[in-house]
Ligand SMILES: [Zn+2]
């Protein structure tokens, strides 16, 4: 039995000890299998959380999205750039939207993106002045600060989340994620996947699915993946029933919202800010003391 205190390599080299180590492993494996990680604790015993987020501050947010969400008792997160034409023309309606509990998220002022992102088609629609390739990290942070002030003037909120424009996280070739961290509770990227391990999630790199031309069934299947993992499913919408070149039908959106309403005991649907406040509080609670 003395070989149990030795390394497996040395033990196996002793021949007779290899059987002992095999037995130890055989006994240990079922114990591990019987103790899977505890599911992430969502409020009120929910099995998953869902965030419905809408980008670019377009008129259909006011005309289609908010009415459909509110009919089901839900609130959404709207990532509105400071130069949104809809924000300029319909400011009182945007302000009223936030007063009803919807969230305004930071989407910079001029919606800067990479003009030639690696592995993706060039973004010819982007004005060269706002190509992130020619930004610096300090310039991007300045723009994000100015956008936070713009939104503060609309809704009075001081806790803000970010939706990276085009999902891009670099300026002048350098990541601005850590420089932006002090400004935000959380930030949303792309990646088209659910969050399965919520405890290990970096709040500044929350994945989401950018939906385009998909059905209600496909979006419900995405939520079910989160339910299976006790995870988080974040949707990134643009157009809903029109209003943007990246679009899904209003019927598909309503089908998802109806399903979420029917399953509200099982799935917690709320704003990005509310969900990430819960996630970060839980992460702090279980973090080992320093
Ligand atoms: Zn955008």
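The values are calculated or read from the model by the stated rules, or taken from the named source; none is laboratory data. If you're wondering where the values come from, they're calculated on a predicted model, not measured in any experiment. When we count neighbours, we look across all protein chains shown, and the Cβ atoms used for this are built from the backbone with ideal geometry, even at glycine.
Structural remarks
- Flag if residue 191 is assigned by TED's automatic domain parsing to the domain that holds residue 79, surrounded by fewer than 19 Cβ atoms within 10 Å (Cβ to Cβ) and within 16 Å of the ligand (Cβ to nearest atom): yes
- Selection from segment 149-175 of residues that are farther than 19 Å from residue 283 by Cβ, within 16 Å of the ligand (Cβ to nearest atom) and in contact with a strand residue (DSSP E or B) (Cβ under 7 Å, 6 or more places away or on another chain): 151, 163, 164, 165, 166, 167, 168, 169
- Filter result for residue 213 (touching a helix residue (DSSP H, G or I) at 6+ places or on another chain (Cβ under 6 Å), more than 22 Å from residue 169 (Cβ to Cβ) and in a loop (DSSP other than H, G, I, E, B)): no
- Only helices (runs of 4 or more DSSP H) whose full extent lies in segment 55-109 are considered here, and the ones with at least 3 residues that are in contact with a helix residue (DSSP H, G or I) (Cβ under 7 Å, 6 or more places away or on another chain) and buried (at least 16 other Cβ atoms within 10 Å of the Cβ) are 66-71, 91-99.
- In segment 65-99, the residues that are away from the ligand (no atom under 16 Å from the Cβ) and within 22 Å of the chain's Cα centre (by Cα): 66, 68, 69, 70, 72, 73, 74, 75, 97, 98
- Sole residue being assigned to a strand (DSSP E or B) and either touching a strand residue (DSSP E or B) at 6+ places or on another chain (Cβ under 9 Å) or surrounded by fewer than 21 Cβ atoms within 10 Å (Cβ to Cβ) (or both), chosen from 234, 275: 234
- Cβ pairs under 6 Å, 6+ apart, first in segment 51-66 and within 18 Å of residue 275 (Cβ to Cβ), second away from the ligand (no atom under 12 Å from the Cβ) and at pLDDT below 95: none
- Considering residues of segment 241-263 that are over 19 Å from the mean Cα position of the chain (by Cα) and in contact (Cβ under 8 Å) with a residue 60 or more places away in the chain only, the residue nearest to the ligand (Cβ to nearest atom): 244
- Candidates 158, 150: the one that is in a helix (DSSP H, G or I) and under 24 Å from the mean Cα position of the chain (by Cα) is 150.
Residues checked against (1) more than 16 Å from the ligand (Cβ to nearest atom); (2) outside the structural domain of residue 182 (by TED's automatic domain parsing); (3) touching a strand residue (DSSP E or B) at 6+ places or on another chain (Cβ under 9 Å):
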position	(1), (2), (3)
104	no, no, yes
114	no, no, yes
117	no, no, no
120	no, no, no
125	no, no, no
129	yes, no, no
133	yes, no, yes
136	yes, no, yes
140	no, no, yes
